[in-house]
Amino acid sequence: MLPATRAWVQSLKMTNTSFPILILVLPQLSLEGKEDLKKLGATVLDITPLEYPFALTKSRLRDNKPCRYSKLHLWNLLDYDKIVYMDSDMLVMQNIDNLFYEFNELSACADLYPDTFNSGIMVLQPNETTFYNMRTVYKNVSSYNVGDQGFLNWFFGNEWSQNKDRHIPLKYNVLLKYRDTIMWGHVKDDIKVLHFTGETKPWNFYYSGHKDWEKNSEMRSYYAWVRMERKSREILGKALTWELSDRVTDLCEQEYERSSTMRFRIQNKFSVVISTYDRQELLERLLVHYSRCRKVHKIYVVWHNPRVEPPSDFRVGSVPVIFLWQKYDSLNNRFNPIPGLETQSVLICDDDVYLEPEDVDFTFEVWRSHPNSLVGAFPRFHRRMKTGEWEYLVAEPMKKFQGFRRYSIMLTKFIFMKSDFLFWYSCILPEKFHKYIDEHMNCEDIAMQMMITGMTKAPPLAVSGKAIPEDYGTDKSSGGISTKSGHKEERNKCLTYFINDLFHGKDPLIYNSVIQTRFVKIPFAKRSWNEGSLWKNSTAPKIASKNPPTRGNLGNK
């Protein structure tokens, strides 16, 4: 929780609080972590953990339940008259100093359940007697969430529920899951504090893989957290820098301002996003080709060469073609958010791959049924080696797994994906991914696949069309990255680094053995009972019966 706490402190400083910032710290936090918080302007108070009164299970340990009763130490901070307590998975969006003047103990925001409050933010008054009474009884009191919130509602619940003056407005504790309720309309335009509840958080979304990830995540809110965490690292002298590090902030600050109005309204068409450096002759042929696909809305050309100006925007038939001239030469540019994009889906493709128009449209229809997957035509495979390192392979070389071949990666030579994922990748995925890809000129496709499967638990999906896809990038004369020596070894290294370091040893990739093909007919062969494979080499036992069945007593058995 250290990155979360740093961002929380920075958000309080950025909203100009006039009150001291205290952080209760348990013994597990390192000395370096404590020093970081002090440098950001907080006062660190060491406390001892209070014994957890329930059985320790994997899920409770994962959710830090045993630590949460340490909140009771708040009532023992007798040097202070009043405290506004906040969980560290919160982000302050506007100044909240008025809470000190307008509320007394115990004040809190209502929770989703009737007559209960959320203990994520509370106004309280330290008191020696209150602290003693809490410590005396908490081990013997049931808690509806086996944590501090259930206990505090038991301890203060009647007083809070019967006194409306103790109800802090919801805008001071906005849960992203409110978007599915009527409450969202009352708070969305005046959020004071964001609360990142649930298992999916801005700092773990790309590997948490929780079933409710969509309910507990939202792009603009998560990027607000990313900005605060990045600012805290800059103050501490721990900002991540590399030759193209300005690319991320330049791009995302512009997109953050646009993201409040970002809407992907068009569902029945898709946008084509072609990556090219300056191969104009081949590009012109592809533009004409994609304009023939029935479902194309617009074509965007990501022009990677910052030194050569691209052609002007134009139309191919009725389809607009828009050139996106890149300021930086980075493979990450292929996943940049696109200003003015209107479709819910984008086709990301290279300038050296060709699929028949009807196969392109069919792949789009498959994606519409699997919107959280990468859907494409070039599947690949990975596996762990005995050394603990990971290997990238074009096809699975080992024996068939449970009778099936598998794949786990979909190359971005040709993929359909959700337009939302462009912003997630470019602006919310940790910058360490971008740094590695820029410095090694490889593996942006693996990073995108890992983010999506780690986030959604939706495996990639391969599609086979009527015609075989034509890949001109495998020709050595093309100068493509994949034709260079050491390409496979480089991808082995990035798989190992991503999984072992950035995903904390957890492999996010998911295997799939399914391939989607267009329906033509169901082939079958007509046989008599005495013909066909069913009777070949049969070892079935003979059926003996004293009273063999007749036509009359067989019925429909």
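The values are calculated or read from the model by the stated rules, or taken from the named source; none is laboratory data. Every value quoted in this text rests on a predicted model; they were computed, and no experiment measured them. Cβ coordinates were reconstructed from backbone atoms using ideal geometry, including for glycine residues, and neighbour counts include every protein chain displayed.
Quick notes on this one:
- For the range 262-302, a residue qualifies if it is of a type in the set (A, V, I, L, M, F, W, C) and part of a strand (DSSP E or B), and the qualifying residues are Ile266, Phe270, Val272, Val273, Ile274, Val296, Ile299, Val301, Val302.
- Hits in the range 282-300 (condition: over 19 Å from Phe264 (Cα atoms), at pLDDT 90 or above and buried (at least 18 other Cβ atoms within 10 Å of the Cβ)): Leu286, Leu287, Tyr290, Ser291, Cys293
- Of the residues making up the range 167-209, those that are at pLDDT below 90 and in a loop (DSSP other than H, G, I, E, B) are Thr181, Ile182, Met183, Lys188, Asp189, Gly198, Glu199, Gly209.
- Hits in the range 7-29 - residues which are within 28 Å of Leu78 (Cβ to Cβ) and either in a helix (DSSP H, G or I) or out of contact with any strand residue (DSSP E or B) (no Cβ under 9 Å at 6 or more places or on another chain) (or both): Trp8, Val9, Ser11, Leu12, Lys13, Asn16, Ser18, Gln28
- Here is the figure for the range 128-142: residues that are over 16 Å from Gly157 (Cα atoms), surrounded by fewer than 14 Cβ atoms within 10 Å (Cβ to Cβ) and either of a type outside the set (Ser, Thr, Tyr) or touching a strand residue (DSSP E or B) at 6+ places or on another chain (Cβ under 6 Å) (or both) total 3.
- Here Ile121 clears all of (1) more than 30 Å from the chain's Cα centre (by Cα); (2) not in a loop (DSSP other than H, G, I, E, B) except the condition numbered (1).
- Count - residues of the range 168-224 that are touching a residue at least 40 places away in the same chain (Cβ under 8 Å), over 22 Å from Asn98 (Cβ atoms) and among the basic types (Lys, Arg): 4
- The single condition among (1) surrounded by 14 or more Cβ atoms within 10 Å (Cβ to Cβ); (2) in contact with a helix residue (DSSP H, G or I) (Cβ under 9 Å, 6 or more places away or on another chain) that Lys34 does not satisfy is (2).
- Pairs where the first residue, in the range 80-105, is within 26 Å of Pro202 (Cβ to Cβ) and touching a residue at least 24 places away in the same chain (Cβ under 8 Å) and the second is assigned to a helix (DSSP H, G or I) and β-branched (Val, Ile, Thr), C-beta under 8 Å, 6+ apart: Ser88/Thr5
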